Amino acid sequence: MRKPIYALGGAGLLLSVSMLALPAQELTGELPDPPEFAAQSEPVFVSISDIQEYKALPEYHEPDWVTSKYVDAGTLPPVAERLPKEPLVYKAGNMPDGIGVYGDTMRHVIGGRPEGWNYIGGQSQGWGGIDIGLSECLTRTGPLFMVKADELEPMPNLAKSWEWSEDGKELTMHLIEGAKWSDGDPFDSEDVMFYWNDNVNDPNVTPLNGATPESFGVGTTLEAIDAYTIKWTFQEAFPTQYLYTMAYGTFCPGPSHMLKPQHPKYSSNTYEQYKNAFPPEYMNMPVMGAWVPVEYRPDDIIVMRRNPYYWKVDENGNQLPYLNEMHYRLSTWADRDVQAVAGSGDFSNLEQAESYVESLRRSAEETAPARLQFGARTIGYALRMNFSANGWGEPDARAQAVRELNRNLDFRKAVSIALDRQRLGDSLVRGPFTAIYPGGLYAGTTYYDKDSTVYYPYNLEAANKLLDDLGLIDTDGNGIRNFPAGTANGADVEITVLANSDYGTDSNLAEGVIAQMEPLGLRVIGNLQQGTARDDMAQAGTFDWSVERQTAEMVAVVQNTAALAPTGPRIFPFHRAGSDGTLDLLPFEQELVDVVNKFIATSDNTERAELMKRYQHIFTENVYSVGLTQYPGALIINKRFANIPAGAPIFMFNWAEDNIIRERVFVPEDKQGNYELHPETLPGAPGGAGAV
Ligand code: GLA
C-alpha cells in the first residue's frame, strides 16, 4: 500500500485511498497538436526608436476649428503652450499610411457598463477600450507586438526615460515635463505618488486591474525626488520585469487634483464614497488619454471628444489624436461583432467563437465594410477553483468542504479528465479554430513548451474511480455523490460555478462544464453574473469555481508577471489571503511562487526559458487550473481607417485597442463619415454637462 491514509486539509476529512488507485502516469496522455491556423498578417518588426521619440518641434498644429473657436476666442491657450516641453512624437516612417488628417469618429460598441470614472479607486468604465483610452501609464506595452524580439522592453510613455543605479536596486524615472491633464492641470509626481501611496498601498483600495504593492516586488518603495523625477528601490537587482507592470493597467495614475480631496485620508469620506465619488453622469473627468467623456446616456452611449491638452504629436507637429470623437455604444459584446461586420460599428475583437463562421462569411464579401484579420491562438478559457481554505470570501460549511476538495490533486484530476475538451471546443465553433487547452501557458506563445506540459486526457471512467477513492460516494442514490459523513452533513456535493453572463462564450462554456460534471456525479450550479458583479465576486473570493477567459500573464508572461502565482496576499485571482491575512499555500503553489520570483529576478533569457518550462510543468501536472479551450481571435476594423499596423493581434501584451495606437489612426478626407455628435466642440469644465 502506497499511502494508507490521506488527510484532506483542515476540514478533518480522513479518506482512505484504495490500493487500486491509478498511478498518476496512467492518467496522462499525448497532447494533440493544435490544428494548423496561420495568422493572416505579420507585423513589420521595428525598434522602439523607429516608432516614437520625445522632442520639441519648431511648430505645432491643431484642427482649424480649435484655433478659431477656442484659442482665438481666448478660452484656450495656444497649442504650443498646451503641449509639454518635449512632446511624444510618432515618427512618420512607422505610420503605415503616413501623417494623417483630422476628423471623424471611431464607433466602438461594448458589452460592459460604466461604474464611474474612479479607475484607480477600482471602478470599471465598461471595458472594450474605454479605460485603455482614458488612462495613460508610466510605460506602454500594447504596440510591442511589432518590436524586434531581441530589443523587447516596455515603451516609454508618461515616464520618458529611466536609469538603473550601479547595483541595479534603484530605478530613477523621468516623467514627461509640462504635460497636462485634459483640464489643464499639470501632470507631475504628485499624481504618481497619490496613486502609489493612497491607492496601491492602501489595503482598503483595489485599483481596477488589481495592482498591489507586490505587483512591483515585496518591499519595493517609491519616492518623488522632484516634480518630474521618481525613484524606485527594489530588493532585487535589475528587476526589469516591473517595467512591464508599470504599463496598462497596473500603473496608470489618476488625476490627484480631483481624487485626493475625496480620499478618506484627506476627507471625511468612507472608502465606498471615495470609490463612487465620480459616477458615470459626471462629465469631463480629467484624463491624460486622447479623448474625454462628454456625454453619457445609460444603456445607450458614452461620447468622448478630443483632449485639447493631449501630449503626443506627429512629426509635422500636428497635435494628436487625429480622430475628433470616440463612441462607445452600450450594447452587448455579441452586438459588437455584428455591428463591426455590418459597418454600423467600427471595431471589434472577434473573440466569441460562436460568431466566427457568420462573421467570416460576411467579411469575405467584396462589398464588406470591414476587414477581418485573424491572429494567433491567444484566447483561452479555464475552470479555476478557489484554493483558499482559510477564510477568503467567508465560505459556509458547504463551500469550505468544496475548497478542501479543490485543494486535493486527485479531485482536480478527476474534474479535468471528466471534461471532453474537444467537445467543449466544437460546441462553440466547428473548424480549425479551437484546440485542446491543458491549462497553463498557451501553445504558440513565447514561453510555451509542449514537452513541459502535462496533459490528462478525457477518461470518464478513471475520473469516477478517483472520486470513489476519495470517499465521495452517492450514499442516497440520487445520482449525486455525497460528502463523507461528518463533512457538510454528508450532503450532496454541490458546487457553484461563477461565469460572466455578458459573454455568450463564458455562459456556454460554463453550461458545458455543468453538463459534463453530471456523469461524474457532481452537481454544478451555474452562477451567471453580469460583468461587474462577477468581477466583484471574483475579487471578494465568493466563488467555488469560476469559468473565465484567461488573463494577460498567460499570454505574455512578462506582463504583470508577479500575478502568475500567489506571490503576495492579494495578487492572485483564485488564491488570496484568508481572514488572518495569510496565504495557505500548498507545497506546489510555493514552488510556483519561487519559480516566478526567480523569473522576475533574472534577465538571463536561457534561465528564463527554463524557469517557464518548470512553471508549465508544475502548473499542468498539478492541474492548477483546468484548461478548457484555446483559439485565435480576429480584429475587425472598418475599412475607412488608415494607420492600422499590420499583424496587430487582438491580444498579446495588451488588447487591440492599445495595439493599434488609436491616437495616430485617421480617416482620409474622402472617406470621412458624418458621425460626430458634437462637432467642433471640446470637453468643458469637469463635472459639467458636456462638450462646450
Ligand atoms: C473586454 C473585451 C475585449 C477587449 C477588452 C479591452 O474584455 O472582451 O475584447 O475589448 O475589453 O479592455
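Please identify the DSSP H helices in the chain that span no less than 18 Å along the helix axis (Cα) and have a mean Kyte-Doolittle hydropathy of -1.0 or more.
Numbers: long enough: 504-517 (20 Å, 0.12); 587-601 (21 Å, 0.35); 605-621 (24 Å, -1.26).
Qualifying helices, which must be both long enough and hydrophobic enough, are 504-517, 587-601.
Can you tell me, using C-alpha contacts under 8 Å and at least 6 residues apart, the relative contact order of the chain as a whole percent?
22
Please turn the phi angles of the range 640-650 into ³J(HN,Hα) values with the Karplus equation 6.51 cos²θ - 1.76 cosθ + 1.60 (θ = phi - 60°), one per residue in order, whole Hz, x for glycine and proline.
Karplus-based 3J(HN,Hα) across the range 640-650 equals 6, 7, 10, 6, 8, x, 4, x, 5, x, 5 Hz.
What does the charge dipole of the range 563-665 about its Cα centre add up to, to the nearest 20 debye, if the Cβ of each Lys and Arg holds +1 and the Cβ of each Asp and Glu holds -1?
The calculated dipole for the range 563-665 is roughly 640 debye.
Looking at Y455, L27, S124, which one has the Cα that reaches farthest to the positive end of the dipole of the chain (charges on Cβ: Lys, Arg +1; Asp, Glu -1)?
L27
Quote to one decimal, in nm, the extra length available between D580 and N674 on full extension: 0.36 nm per residue of separation minus the C-alpha distance between them.
Working: separation 94, 0.36 × 94 = 33.84 nm, distance 5.79 nm.
Between D580 and N674, full extension yields 28.0 nm more.
Quickly work out the L152-to-A227 label distance, labels modelled 7 Å from Cα along the C-beta direction, and quote it in nm with one decimal.
Result: 3.9 nm between the two label points.
Taking only C-alpha pairs under 8 Å that are 6+ residues apart, what is the relative contact order of the range 556-692 in percent?
In percent, rounded to a whole number, it is 14.
Along the charge dipole of the range 524-632, Cβ charges K/R +1 and D/E -1, which of I571, P632, Q559 sits furthest on the positive end?
P632
Hey, any idea what % of the chain's accessible area is carbon plus sulfur with a 1.4 Å probe?
On the chain, the fraction of accessible area on carbon and sulfur atoms equals 50 percent.
Between S47 and H174, what is the label-to-label distance in nm when each label sits 7 Å out along the Cα-to-Cβ direction?
Label-label distance for S47 and H174, simple model: 1.8 nm.
Chymotrypsin sites (Phe, Trp or Tyr not before Pro), restricted to the range 30-78: which are DSSP loop and have at most 15 other Cβ atoms within 10 Å?
Those satisfying the criteria are F45.
So how long is each side of the chain along the principal axes, counting just the alpha-carbon atoms, biggest first, in Å?
For the chain, the Cα extents along the three principal axes come out at 87, 58, 48 Å.
Placing unit charges on C-beta atoms (Lys and Arg positive, Asp and Glu negative, everything else neutral), compute the dipole magnitude of the range 406-512 about its Cα centre in debye, rounded to 20.
Computed charge dipole of the range 406-512: roughly 300 debye.
Expressed in nm to one decimal, what extension gain is obtained for the pair D97 and A73 from 0.36 nm per residue of sequence separation less their Cα-Cα distance?
5.2 nm
Could you do me a favour and compute the accessible area per residue for the chain, 1.4 Å probe, result in Å²?
That works out to 36 Å² per residue.
For the range 629-692, give the magnitude of the charge dipole about the Cα centre (Cβ charges: +1 Lys/Arg, -1 Asp/Glu; no others), in debye to the nearest 20.
Once rounded to the nearest 20, the dipole reads 200 debye.
Using a 1.4 angstrom probe on the protein heavy atoms only, could you order I301, I99 from most to least accessible area?
I99, I301
Using alpha carbon centroids, what distance separates the range 663-692 and the range 418-465, in Å?
Measuring centre to centre over Cα atoms gives 46 Å.
Pull up all non-local amide H partners of A418: gap of 5 or more, or a different chain, and H-to-H distance under 5 Å with H placed in the peptide plane.
N459
Name the residues whose placed amide hydrogens come within less than 5 Å of the amide hydrogen of E295, ignoring near sequence neighbours (fewer than 5 apart) on the same chain.
Residues meeting the amide H criterion: V303.
For the charge dipole of the range 246-340, defined by +1 on Lys and Arg C-beta atoms and -1 on Asp and Glu C-beta atoms about the Cα centroid, which residue among Y328, Y266, P293 has the Cα displaced farthest towards the positive pole?
Y266
Could you compute how much accessible surface K671 exposes when probed at 1.4 Å, giving the result in Å² to the nearest 10?
100
Once label points are set 7 Å from the Cα along Cα→Cβ at both E81 and A533, what is their separation, rounded to one decimal in nm?
According to this spin-label approximation, the distance is 5.1 nm.
Select from the range 571-641 those trypsin sites (Lys or Arg not before Pro) which occupy a DSSP coil region and have at most 14 other Cβ atoms within 10 Å, ordered by residue number.
Details: sites: R576, K598, R608, K613, R614, K639, R640; in loops: R576, K639, R640.
Passing both the DSSP loop test and the Cβ count: K639.
Can you list the HN-Hα couplings for the range 481-496, worked out from phi with the Karplus curve (6.51, -1.76, 1.60; θ = phi - 60°), rounded to whole Hz and with x for Gly and Pro?
After applying 6.51 cos²θ - 1.76 cosθ + 1.60, I find 5, 10, 5, x, 3, x, 10, 6, 6, x, 5, 4, 6, 10, 10, 9 Hz.
Leaving out ligands, DNA and RNA but keeping every protein chain, what accessible area does W127 have, in Å² rounded to the nearest 10, with a 1.4 Å probe?
Roughly 70 Å² of W127 is accessible to a 1.4 Å probe.
The values are calculated or read from the model by the stated rules, or taken from the named source; none is laboratory data. These numbers were taken from a predicted model, which means no experiment stands behind them. We place every Cβ from the backbone using ideal geometry, glycine too, and count neighbours over all the protein chains shown. Just the protein is used for accessible areas: all its heavy atoms, side chains included, with ligands, DNA and RNA removed. Shrake-Rupley method; radii C 1.70, N 1.55, O 1.52, S 1.80 Å.
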